[in-house]
Amino acid sequence: MLEIGATEAESVQKRGFLDIYISPELNLEDEINKLRQDKNAVILAHYYQEAIIQDVADYVGDSLGLSQKAANTDADVIVFAGVHFMAETAKILNPNKKVLLPDLKAGCSLADSCPPSSFSTFVKSNPEHLVVTYINCSAEIKALSDIVCTSSNAIKIIESIPKDKPIIFAPDKNLGKYIISQTGRDMLLWDGACMVHEAFSIEKLISLYNEHPNSKIIAHPESEGHILNAANYIGSTAGMIDFVQIDSTEEFIVATEVGILHEMQKKVPHKKFIAAPSKENNTCACSECGYMRLNTLEKLYLCMKYETPAVAVDKSIQERALLPIERMLDISNRVLSD
Ligand code: 13P
Ligand code: SF4
């Protein structure tokens, strides 16, 4: 119900979407297209979003691609179909633009595993270390960092740092261990992890592979070491999507969030993709990220219509967090184009 003295939009911005009725007659894709034009909005979606959201987006990508798009967009409104740290990164890059996230509760277990107060103490007790943080962390953590990285540029970023410089890497210990194994750098690791990528079962993975001996196992580096040891290819979501197109194998077992299968299937419809099994019982959708799945097409439509919820970042944190993100974008543009 409309509050007296408030416009409909103001009222929704205050109380959220709770009691908003959406007519089943409404074609949400058409409505989203109209709103996108009227508001000069761009919809950026991560590969882990549900298929219908990926299909309505202007751009679907991995964390690096999404931050590059956010850094270069001339849209007035950025609608981020992903999780909070991604939308927050877009806001840090565009402090004067409105950045919308369909559900503000779309967080990240990995970002949550690195609370700013304890990370600040950790950094202060290792003052000679350069602080490299994986983009899956809060703005406060980025503000305590020297360089940010994503899973697709982490190795290049670490290799760009002089060999004698000690490094703290946070928050993902699995990605950290993988980078150490690839670069030989002895980094100090924060003890964080992603609950989706830690849910894969190596025993079930091996027996699934034995049922599909002609398949290849591909894995995201947020997965545990024993999963990575079993993998034929390790890479970011964008890297995995490239690999299944280039490699001649017809069947892949995919160890990352299951939403990625949509883009893989679109790119190479004749190939077969099987989601890697999780440790829990066989009915559990453990390889779905519950945070990513909080976004729905309905919430995407409502957030564009009412321009809420919008992501906010404190000005002093935004200014400090911008630098390490810009360093990452610079290094990516320079080194990755080599
Ligand atoms: P990338 O997008 O870098 O592949 O990372 C995956 C992820 O976990 C995002 O939350
Ligand atoms: Fe965070 Fe893991 Fe979900 Fe990615 S998949 S958003 S790292 S909880």
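Any read-out appearing in this document is the output of simple, stated calculations on the displayed coordinates, not a laboratory observation. Computed from a predicted structure; not experimentally measured. When we count neighbours, we look across all protein chains shown, and the Cβ atoms used for this are built from the backbone with ideal geometry, even at glycine.
What to note about this one:
- Checking each residue in the stretch 237-279 for being within 19 Å of residue 205 (Cβ to Cβ) and of a type in the set (S, T, N, Q) picks out 237, 249, 256, 278.
- Candidate set: the stretch 225-242, residues that are polar (S, T, N, Q) and within 24 Å of residue 66 (Cβ to Cβ); chosen: the one surrounded by the most Cβ atoms within 10 Å (Cβ to Cβ): 237
- Residue count for the stretch 182-209 under the criterion of being without any contact (Cβ under 8 Å) to a residue 12 or more places away in the chain and among the polar types (S, T, N, Q): the result is 1.
- Scoring residue 104 on the criteria (1) crowded, with 18+ Cβ neighbours inside 10 Å; (2) in contact with a Pro (Cβ under 7 Å, 6 or more places away or on another chain); (3) under 19 Å from residue 312 (Cβ atoms) leaves a single failure, condition (1).
- The helices (runs of 4 or more DSSP H) found entirely in the stretch 81-196 that carry 2 or more residues being more than 14 Å from the chain's Cα centre (by Cα) are 84-93, 116-124, 139-143, 154-159, 173-183.
- Verdict on residue 222 being surrounded by 22 or more Cβ atoms within 10 Å (Cβ to Cβ) and either closer than 22 Å to residue 48 by Cβ or basic (Lys, Arg) (or both): yes
- Filter result (away from ligand 2 (no atom under 16 Å from the Cβ), surrounded by fewer than 20 Cβ atoms within 10 Å (Cβ to Cβ) and outside any loop (DSSP other than H, G, I, E, B)) within the stretch 245-267: 245, 246, 251, 265, 266, 267
- Residues in the stretch 54-74 that are within 15 Å of ligand 1 (Cβ to nearest atom) and touching a residue at least 60 places away in the same chain (Cβ under 8 Å): 54, 60, 61, 62, 63, 64, 65, 67, 68.
- Some residue of the stretch 236-258 being over 20 Å from residue 63 (Cβ atoms), out of contact with any Ser or Thr (no Cβ under 6 Å at 6 or more places or on another chain) and of a type in the set (Ser, Thr, Tyr): yes
- Screening 32, 53, 20 for residues that are under 18 Å from residue 307 (Cα atoms), in contact with a strand residue (DSSP E or B) (Cβ under 6 Å, 6 or more places away or on another chain) and not charged (D, E, K, R) leaves exactly one candidate, 53.
- Selected residue (only one of 258, 254, 244 is touching a strand residue (DSSP E or B) at 6+ places or on another chain (Cβ under 6 Å) and closer than 12 Å to residue 196 by Cα): 258
- The residue that is surrounded by the fewest Cβ atoms within 10 Å (Cβ to Cβ), among those in the stretch 51-75 that are over 16 Å from residue 241 (Cα atoms) and within 16 Å of ligand 2 (Cβ to nearest atom), is 67.
- Filtering the stretch 312-326 to residues that are surrounded by 18 or more Cβ atoms within 10 Å (Cβ to Cβ), more than 15 Å from residue 97 (Cβ to Cβ) and not hydrophobic (A, V, I, L, M, F, W, C) leaves only 324.
- Test set (1) under 29 Å from residue 57 (Cα atoms); (2) within 16 Å of ligand 1 (Cβ to nearest atom); (3) in contact with a helix residue (DSSP H, G or I) (Cβ under 8 Å, 6 or more places away or on another chain); (4) of a type outside the set (Phe, Trp, Tyr) - residue 268 fails condition number: (2)
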